[in-house]
Amino acid sequence: MCYAARTFCAAAWCRAEVGPGSLRPSPPDKKTSMNLRNIAIIAHVDHGKTTLVDELLKQSGAFRDNQKVAERAMDSNDLERERGITILAKCTSVVWKDTRINIVDTPGHADFGGEVERILNMVDGVVVLVDASEGPLPQTKFVVSKALKRGIRPIVAINKIDRPDERHLDVLNEVFDLFANLDATDEQLDFPVLYGSGRNGWMALDPAGPKDDLAPMFDLIVRHVPPPVVEEGPARMLATTLEADSFLGRILTGRITSGTIKPNQPLKALSRDGKLIENFRVTKVLAFRGLDRVPVDQAEAGEIVAIAGMSDATVADTLCDPSVEMPLPAQPIDPPTLSMTFRINDGPFAGQEGDKVQSRVIRDRLMREAERNIAIRVTDSVDGAESFDVAGRGELQLAILIENMRREGFELTVSRPKVVLRTDPDTGQKLEPIEEVIIDVDEGHTGVVVQKLSERKGELMEMRPSGGGRTRMVFHVPTRSLLGYQSELLSDTRGTAVMNKLFHAYQPYKGDIAGRRTGVLISNSDGEAAAYAIFNLQDRGPFFIGPQTRVYIGMIVGEHTRDNDLEVNVVKGKKLTNVRASGKDDAVLLTPPIKLTLEKAMSYITDEELVEVTPENIRLRKRWLDPNERKKQERKREAERESAA
């Protein structure tokens, strides 16, 4: 262990014992609310944030002894429970001794970084949760950089210390190096460290324990995190998250910067540039108590609350007293890097499986999403009035939006994701987004990973052993090269690789990158797929459908083994005669079809193909269903390529 790390560890352990005197002094013209703390728990995906919050709630007495509470209680969204990830930031609060601690559980995936950036405006401290084996990963770096820029002094909690492959000393060094690389101040580098297991409900100042409870974490939060700074003046609050309630209507959550807010109080909403959005009267003030939101008669400066009553105000707006003229500064949000086209479903099965198919309804839903999630950007497409360009942070964020829409009854078709390109204002050079990719893989598979990412214009930046016969590699790869690479990586490494990525920077365009090397099998008939037809076509390539699946002309039913598209008849049944012959009635043995998830379907298609999404099915289809129109469009593209050459 290096000398600097030893020195910093000793300082951290000693400082963890320091009492309230270690708090930063408040500015003389401001006051603080001493019995309140606002913190966020941030970490990479699957490092145990939500599980830790569960234990904090239990041990603080937020639940009754006989109360039945679901595992990962903060992940209340159906998709969050199914996928095991946090998508939306959520607030809760606990009381420890005489101090109320407001806790924000944040998403751990980089695609939902917009949520994380906004909630950092509400808190005065962060707990950086790091896996004792994996160490700090890209999302840890992303969120910590945002927190350090805001001057927040973090607490580091090394979680899952009971793992057999834990390496807490190395992880501690990696965390320190990460903070130093992010230009942390000396005060921020002198951070306290906790060790423990969130799942088993204990944290301690030493890796060996005691393994009793989370009291050391509660006490450290109260000592280390400063109370919220309260400014003098009338009521002001920066809206951080937005949601809709069937009874209360529009609800905005944020931290009150100054003044007090109570029901029936008149307020106004100012945009980031100071323009008046609306005047309204507060109908409800809701405070967070455990997992519940409880109406209160008054909320004071420093508290995190949700208020209702507005009709137009949204995220990043300032809700304030009518006498206020200047809005609160809002954190700028990193721009989106991926874009997709959302279209109406104009296929033969349109309107048969969903009840929301009109372009107007789709547009309204997308605009509501863009209003709630400011990391999403929606614009009208150049293709026509019935399609919209939706830009976001990554494939997962866009896939979650599509999945939510299909569960709400929408039918639509979506295009392959494309990167959002920029132009250098000085040189006029085309720029594209580059991702920092970290891949942990068994040592025997490093060669194929380096080869495949080199073919995709990736640059190997770092390669080092990570323990247990595994290697950690860091690449800088164009975002467009990573579309669809996850499944290929798992095939190449026999499922042993773990890939994490994070937006790095915009860099000069890297040139053309080879796409899918195979064609597809296209249905040339309408009807139900027959087992007999699929059996006789299996040598042409694997199928995406099974027998009795409804198909239509132009629908993609499988993958061709060669590089060209092939039209096939999958509805042709066996001709029935009264003649029986040996060998004619053998059992039809079919290879199970490939089941495409939404993410796989999005990354599989080319620019000439679409994904048809309905509440019941995910289908692949050609953009132009009519074969004659497809040939016409192909000739048009060839002519454009020749003229460009």
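Could you grab me the full set of residues in region 393-416 that are in contact with a strand residue (DSSP E or B) (Cβ under 8 Å, 6 or more places away or on another chain) and surrounded by fewer than 19 Cβ atoms within 10 Å (Cβ to Cβ)? Matches in region 393-416: 408, 409.
Restricting region 417-437 to residues that are crowded, with 22+ Cβ neighbours inside 10 Å and of a type outside the set (Val, Ile, Thr) leaves a set whose member that is farthest from residue 500 (Cα to Cα) is 417.
Total residues in region 492-518 satisfying the condition of being surrounded by fewer than 19 Cβ atoms within 10 Å (Cβ to Cβ) and over 23 Å from residue 419 (Cβ atoms): the figure is 5.
This table checks each residue for (1) buried (at least 17 other Cβ atoms within 10 Å of the Cβ); (2) closer than 19 Å to residue 338 by Cβ; (3) out of contact with any Lys or Arg (no Cβ under 9 Å at 6 or more places or on another chain); (4) among the charged types (D, E, K, R).
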position: 460; (1), (2), (3), (4): no, no, yes, no
position: 480; (1), (2), (3), (4): yes, yes, no, yes
position: 526; (1), (2), (3), (4): no, no, no, yes
position: 541; (1), (2), (3), (4): yes, no, no, no
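Looking only at residues in region 378-392 that are charged (D, E, K, R) and either touching a Pro at 6+ places or on another chain (Cβ under 8 Å) or modelled with pLDDT under 90 (or both), the one that is surrounded by the most Cβ atoms within 10 Å (Cβ to Cβ) is 386.
For region 220-246, filtering for residues that are surrounded by 15 or more Cβ atoms within 10 Å (Cβ to Cβ) and among the charged types (D, E, K, R) leaves 3. I'd like to check which strands (runs of 3 or more DSSP E) are fully inside region 393-505 and have at least 1 residues that are at pLDDT below 85. By residue number, 430-442, 459-467, 470-478.
Out of curiosity, is residue 375 among the small types (Gly, Ala, Ser), buried (at least 17 other Cβ atoms within 10 Å of the Cβ), modelled with pLDDT of 85 or more and within 20 Å of residue 501 (Cβ to Cβ)?
On the way: among the small types (Gly, Ala, Ser): yes; buried (at least 17 other Cβ atoms within 10 Å of the Cβ): yes; modelled with pLDDT of 85 or more: no; within 20 Å of residue 501 (Cβ to Cβ): yes.
So residue 375 does not fit the description; no.
Restricting to region 217-251, and then to whatever is in contact with a Cys (Cβ under 9 Å, 6 or more places away or on another chain) and part of a strand (DSSP E or B), can you tell me which residue is farthest from residue 320 (Cα to Cα)? Top of the filtered list is 241. Which of (1) assigned to a loop (DSSP other than H, G, I, E, B); (2) more than 29 Å from residue 302 (Cβ to Cβ); (3) at pLDDT below 85 is the odd one out, the single condition residue 141 does not satisfy? Of everything listed in (1) assigned to a loop (DSSP other than H, G, I, E, B); (2) more than 29 Å from residue 302 (Cβ to Cβ); (3) at pLDDT below 85, residue 141 misses just condition (1). What are the residues in region 492-510 that are over 15 Å from residue 439 (Cα atoms) and among the small types (Gly, Ala, Ser), if any? Answer for region 492-510, where residues must be over 15 Å from residue 439 (Cα atoms) and among the small types (Gly, Ala, Ser): just 505.
Assessment of region 322-340 against the conditions (of a type in the set (S, T, N, Q), surrounded by fewer than 17 Cβ atoms within 10 Å (Cβ to Cβ) and within 16 Å of residue 232 (Cα to Cα)) yields at least one matching residue. For region 147-163, the count of residues that are on the phi > 0 side of the Ramachandran plot, in a loop (DSSP other than H, G, I, E, B) and free of Cβ contacts under 8 Å to residues at least 60 places away in the same chain is nonzero. Which residue is nearest to the chain's Cα centre (by Cα), if the candidates are limited to region 336-383 and must be assigned to a strand (DSSP E or B) and either acidic (Asp, Glu) or over 21 Å from residue 397 (Cα atoms) (or both)? Per the criteria, the residue is 380.
If I go through region 513-536 residue by residue, how many of them are within 13 Å of residue 553 (Cβ to Cβ) and acidic (Asp, Glu)? Residues meeting the conditions: 1.
The values are calculated or read from the model by the stated rules, or taken from the named source; none is laboratory data. In this text the structure is predicted, and so the values were computed from the model without any measurement. Here Cβ is always computed from backbone atoms with ideal geometry, including for glycine, and neighbour counts include all displayed protein chains.
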